[in-house]
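Please treat every number below as a calculation from the coordinates, not as lab data. Since the structure is predicted, the reported quantities are computational estimates derived from the model, not experimental observations. Here the Cβ is made from the backbone with ideal geometry for all residues, glycine too, and neighbour counts use every protein chain on show.
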Amino acid sequence: MYKRVLQRAILVGIVGLFGFLSGVAVTELREKQRRPRIPEVVEARNFRVVDENGTTRAELGMAFGAPALFLYDANGKARAWILLDRDGNARIMFVNAEDQIQWTAPPLPNESPKPSPQTPQ
């Protein structure tokens, strides 16, 4: 009789241990599922950021066959961009609401340097 009680106790212990371990494994799996999944690499041809009205405010993509970042005003008009030109040279440009260039780097070829306010004329 003692042998039978011991066998049952061992069996109950083993079942209990497996039950506990499976509960731990399920809990860890649930926690992993709750954590936000952040991919190591995201690949796309274009990324667009829109405001609460659905207006595009920023865009990163392959414009004209080269990488470019565009920033848009609240009306969806491109006002600033950083890009590579056809020769692979970096270019930054800012324009005003009337599409007049405010600043560009490097300067455009036909653009004459403007004197700074501190430069005597």
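A few comments on the model shown:
- Computed over the chain, the ratio Rg/Rh where both radii use C-alpha atoms and Rh is Kirkwood: 1.53
- Measuring max minus min along each principal axis, the C-alpha atoms of segment 46-105 give extents of 37, 26, 12 Å (largest first).
- Förster radius 35 Å - calculated FRET efficiency between ILE92 and THR55 (Cβ-Cβ, nearest 0.05): 0.95
- Gain upon complete extension [MET62, ALA74; 0.36 nm per residue less C-alpha separation]: 2.1 nm
- GNM flexibility winner over the chain from THR55, THR27, THR104 (Cα, springs under 10 Å): THR27
- Build a GNM of the chain with springs between Cα atoms under 10 Å apart, and of GLY88, GLY23, GLY65 the one that fluctuates most is GLY23.
- Helix 2-34 vs. the chain, principal-axis angle (Cα, 0 to 90°, nearest 10): 10 degrees
- Assuming charge only on the beta carbon of Lys and Arg (+1) and of Asp and Glu (-1), the dipole of segment 46-105 about its Cα centre is about 120 debye to the nearest 20.
- Sparse packing (at most 15 other Cβ atoms within 10 Å of the Cβ) combined with a DSSP loop state is found for the following trypsin sites (Lys or Arg not before Pro) in segment 1-109: ARG37, ARG45, LYS77, ARG86.
- With the convex hull drawn around the C-alpha atoms of segment 1-65, the volume per residue stands at 118 Å³.
- For the chain, the mean residue ellipticity at 222 nm estimated from helices alone is -10000 deg cm²/dmol, where every DSSP H run of n ≥ 4 contributes -39500 (n - 2.57) and the total is divided by all residues, rounded to the nearest 500.
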